[in-house]
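One structure is given below, encoded as structure tokens.
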Amino acid sequence: MTKVLLVVCNNELNGTERYVVDLASNLHTEKFDVTIATPLKGPLSAILAEKKLKEFIYENGKVEFYSLGGLWRLYKFIRKNQIDVVHANSKFQPCLAAKLAGVKLAIETKHGIFFSRDQLNKLSLIRKTYEFLKQFFIDIIIAISENDRTTLIKYFKISENKINVIYNGVNFEDLNVKINLPQSKVNENEILIGSIGRLTYQKAQEILLEAYKLICSKYINTKLVLIGRGENEQKLKNYVIKNNLQDRVIFKGYIEDIYREMKSLKMLVLTSRYEGTPYVIYEAMALGIPVITSAVGGITNILKNEYDSLITQYNDPASTMRAIERLLTDDKLYQKIINNGLNTVSKYSVQKMASKTGELYLTYIKN
């Protein structure tokens, strides 16, 4: 039995944590003994308990960044429990603890390249060197798209042999149960345009707000719903107040049962500056919700403009506005994107993702 420790540094169920929960739930139970390491007790702990997944809380003292105390407790857990595989899912630092503890495999999944195009082109030599050197503390890197693999090689000179591409997948069994749940109550006369994600520089909701400002007076029955929370929340709320959009923009914060909320949306719009392949896109398509998204990260590896989505120009509110207007006014296009989105997402299952990841573990350990 191969002992696997999946490490995250957040205690809420966002995209990275959902990947870890899905992976742990679908790795072969006769081959893998899986534990999920979390930084603090939180909402994620309740989800792991409900799914009967083992959790180790390494008492990090904070989320999003690793403390020395948290890494020390990870190291001790790895040594004591003779872990074979340490799989980091938020930054590479757990791989340092894994290497010091002598594990057979230290692996990191890159859930996207966390730099915008502008940032990548302006990175200092020091930062590029730092990103380059990290690979020597990791045995394998999983990229979640071909575009991400290309970026790692081009900008950070990561060895091609060290990178494996495994796309994310949808838990269709879980989703099929959630599809039948009633949606959140909404005003039947309102059309809800939604965005789901942390309120951060990465997700760039300010671009969506600018796009919505351009069309909201023309389409008076629409409202914009922002789901998530983060460091940019007050900045976004200030923009709403400054532009007198308080009655048209709804901030819903973090929502645990996101599917009920998603089902009430007319469309999902992402204006991210950088991404991997966001879970929320897969889930929206599986729920029959058309997707508008910026052309960043691995998105163009899985989606095709005007076939299963509308793909907008990077960092461009006007492009986003035009895409929203098209879905509001072109019923034929709207239905086409729904139908083709369902076909596209059917190719990506969580079982396939977990199977490929498990094979990667065993292949490396045997070698």
Across the alpha-carbon set of the chain, Rg over Rh with Rh taken as the Kirkwood radius works out to 0.97
Compute the orientation-averaged projected area for region 247-288 from the convex hull of its Cα atoms and round it to one decimal in nm². 3.9 nm²
How about K366: which aspartates and glutamates have a C-alpha closer than 13 Å to its C-alpha, ignoring those fewer than 8 places off in the same chain? D84
The value for region 61-124 (convex hull of the alpha-carbon atoms, volume per residue, Å³) is 109 Å³
Least to most buried among C9, C216 (fewest other Cβ within 10 Å first): C216, C9
Considering only Cα-Cα distances, which of the following residue pairs are longer than 30 Å: K99/K128; K104/K154; K154/K242; K62/K356; K52/K237? K154/K242; K62/K356; K52/K237
Report the gain in length on full extension from T129 to Q234: 0.36 nm times residue separation, minus Cα-Cα distance, nm rounded to one decimal. 34.3 nm
Taking K and R as +1 and D and E as -1, what net charge do the other residues with C-beta under 11 Å from the C-beta of I281 add up to? -3
Check T312: other-chain or 5+ apart residues with amide H under 5 Å from its amide H, H built from backbone geometry? T293, S294, A295
Using each residue's phi in region 358-363, evaluate 6.51 cos²θ - 1.76 cosθ + 1.60 at θ = phi - 60° and report the 3J(HN,Hα) Karplus result to the nearest Hz, with x for Gly and Pro. x, 4, 5, 3, 5, 4
Could you order the peptides 48-54, 352-358 from most to least packed, using the average number of other C-beta atoms within 10 Å per residue? 352-358, 48-54
Mind listing the long-range amide H neighbours of I113? Cut-off is under 5 Å, sequence gap 5 or more, other chains count too, H placed in the peptide plane at 1.01 Å from N. E275
For labels at K218 and D330 in the simple 7 Å Cα→Cβ model, what's the distance in nm? 1.4 nm
What does the charge add up to near Y239, with Lys and Arg as +1, Asp and Glu as -1, over the other residues with Cβ less than 13 Å from its Cβ? +2
For each of H28, H111, count neighbouring Cβ atoms within 10 Å of the residue's Cβ, then give the residues from fewest to most. H28, H111
In terms of modelled amide H atoms, which long-range or inter-chain residues lie less than 5 Å from the amide H of F56? I36, A37, T38
Stretch gain in nm, segment E359-E306, where the contour uses 0.36 nm per residue and the Cα spacing is subtracted: 15.5 nm
Where a ≥ b ≥ c are the square roots of the eigenvalues of the C-alpha gyration tensor, would you call region 173-345 rounded, which needs a/c under 1.5, or, failing that, prolate if a/b is larger than b/c, or oblate? rounded
Please report how far the C-alpha centroid of region 244-292 lies from that of region 112-167, rounded to the nearest whole angstrom. 28 Å
CD proxy, 222 nm, the chain: helix-only mean residue ellipticity via -39,500 (n - 2.57) per DSSP H run with n ≥ 4, per residue, nearest 500, stands at -12500 deg cm²/dmol
For K162 and E30, FRET efficiency with R0 = 41 Å and r from the beta-carbon atoms, rounded to 0.05? 0.90
Note down the Stokes-Einstein diffusion coefficient of region 21-172 in µm²/s, whole number, using a Kirkwood radius over alpha carbon pairs, 20 °C, and 1.002 mPa s. 128 µm²/s
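Quick note: the coordinates plus some simple rules give every number you see, no bench work behind them. Source: prediction; values computed, not measured. All Cβ positions, even for glycine, are placed from backbone atoms using ideal geometry, and neighbour counts span all protein chains on display.
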